[in-house]
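Below is one structure; the comments refer to it alone.
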Amino acid sequence: MRINLVTPFAEKDAAKALGARWDSTKKIWYIVDAEDLTPFLRWIPNLDAAQDTGATALASPKASMVKVKPPVASKPAVEVPHCGCNVLPWEDCEHSLSR
């Protein structure tokens, strides 16, 4: 089974030392039939997709310890107080300052 890796240029020698191969057509590093994916986890872009292929090596405890950051809710840059009028926020109302 082939798994493509997302390897920064600065880390290419490390990936190669672990057994990764270079695909000159696609310009990407990859591994084939690796028994233990643990050394490559930092370069596997989508661990869930790799698990769906039936790889048993991904079932190791270290593979399940990949941390995923929760989504961050953002606030508007400027809070605009609402006057209570029944208008859309970008429309002027009778309480808006006229220019």
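Coordinate-derived values only; no laboratory data. What you see is a predicted model, and the numbers here were worked out from it, not measured in a lab. Cβ atoms come from the backbone with ideal geometry, glycine included; neighbour counts cover every protein chain shown.
Laid out as a table, the results:
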item: All strands (runs of 3 or more DSSP E) inside the range 1-46 with 2 or more residues being surrounded by fewer than 16 Cβ atoms within 10 Å (Cβ to Cβ); result: 21-23, 28-32
item: Hits in the range 7-51 (condition: of a type in the set (Lys, Arg) and more than 18 Å from the chain's Cα centre (by Cα)); result: Lys12, Lys16, Arg21, Lys26, Lys27
